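Q: I am attaching a structure below and will ask some questions about it afterwards.
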Amino acid sequence: MVAQKVVDGLKLHLTKEEKSLLEERGTEKAEAYELFIKASEYSRRNTKEGYQLAIQLLTEAIKLDPGYANAFSSKARSLALLYRSYNRDPVLLDEGMKFVTEAIRLKPDLWEALDPLSFIYRLQGKLEEAEQAAKDYIWNAPDDSMSHFALGFFYAETGQYAKSVVQY
């Protein structure tokens, strides 16, 4: 990563948080990152068209950087959201599983990929796997509020409301 080389060259000592910010983008390709950010904005609209546009943008980001694990993970989540809210075609979940699996292969410590993994498993009716993926997310990223949200969401979606409140 270019930013890390600059830091190394200047002999700077970064905090854990500062190092995390350098790695957060997940790609050195500015155009791929820009597409990722735009896709996130469209996905947050929670509309059919928003999810479809997010998926298209993430497809382009992945073409620009085939090693961009964050884009693979985000595309998996967008596919699962499209399935859940608008289109019950199981092909969307199969495709989502391929993308989240690739994200994890590319970057095994991309713990946030466990969120769409849990989500897809739940939508497939694989509840034990879904719960375990969310628990693994917490285990590996206990300070990430989204890890606790993932497990809380699983519990809420499966009618385990008391457990969900604890995680939220």
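The values are calculated or read from the model by the stated rules, or taken from the named source; none is laboratory data. It should be emphasised that the depicted structure is a prediction, and the values quoted were computed from it without experimental measurement. Neighbour counts run over all protein chains shown; Cβ positions are idealised from the backbone, glycine included. Areas reflect the complete protein model, heavy atoms only, side chains present, ligands, DNA and RNA absent. Shrake-Rupley method; radii C 1.70, N 1.55, O 1.52, S 1.80 Å.
Q: Kindly indicate whether any position in region 97-112 is more than 22 Å from GLY67 (Cβ to Cβ) and not acidic (Asp, Glu).
A: No, region 97-112 has no match at all.
Q: OK, next. Give me a count of the residues in region 4-56 that are at pLDDT 95 or above, more than 20 Å from LEU110 (Cα to Cα) and either open to solvent by 100 Å² or more (accessible area, probe 1.4 Å) or not small (Gly, Ala, Ser) (or both).
A: Residues in region 4-56 being at pLDDT 95 or above, more than 20 Å from LEU110 (Cα to Cα) and either open to solvent by 100 Å² or more (accessible area, probe 1.4 Å) or not small (Gly, Ala, Ser) (or both): 14 in total.
Q: Considering only residues that are open to solvent by 80 Å² or more (accessible area, probe 1.4 Å) and either within 16 Å of LEU127 (Cβ to Cβ) or under 19 Å from the mean Cα position of the chain (by Cα) (or both), look in region 150-168 and name the one that is modelled with the lowest pLDDT.
A: Result: TYR168.
Q: For a quick check of your reading: which helices (runs of 4 or more DSSP H) sit entirely within region 27-104 and have at least 2 residues that are over 22 Å from ALA150 (Cα atoms)?
A: Output list reads 30-43, 48-64.
Q: Could you please find all residues in region 148-163 being farther than 18 Å from ASP136 by Cβ and in a helix (DSSP H, G or I)?
A: Result: ALA156, TYR161, ALA162.
Q: Can I ask one more? List every residue pair whose Cβ atoms lie under 6 Å apart, where the two residues are 6 or more positions apart in sequence or sit on different chains, the first residue falls within region 85-111 and is farther than 27 Å from GLU24 by Cβ, and the second residue, located anywhere, is part of a loop (DSSP other than H, G, I, E, B).
A: Pairs that qualify, where the first residue is farther than 27 Å from GLU24 by Cβ and the partner is part of a loop (DSSP other than H, G, I, E, B), are LEU93/GLN124.
Q: When you scan region 117-149, how many residues do you find that are within 19 Å of SER74 (Cβ to Cβ), surrounded by fewer than 17 Cβ atoms within 10 Å (Cβ to Cβ) and in contact with a helix residue (DSSP H, G or I) (Cβ under 6 Å, 6 or more places away or on another chain)?
A: Total meeting the criteria: 1.
Q: While we're on this one: Quick check, is LEU114 in a helix (DSSP H, G or I) and surrounded by fewer than 24 Cβ atoms within 10 Å (Cβ to Cβ)?
A: no
Q: Could you give me the residue pairs with C-beta distances under 6 Å whose first residue belongs to region 139-159 and is closer than 15 Å to LEU110 by Cβ, whose second residue is open to solvent by 40 Å² or more (accessible area, probe 1.4 Å) and in a helix (DSSP H, G or I) wherever it lies, and which are 6+ apart or on separate chains?
A: Partner pairs satisfying both residue conditions: ASN140/TRP111; ALA141/TRP111.
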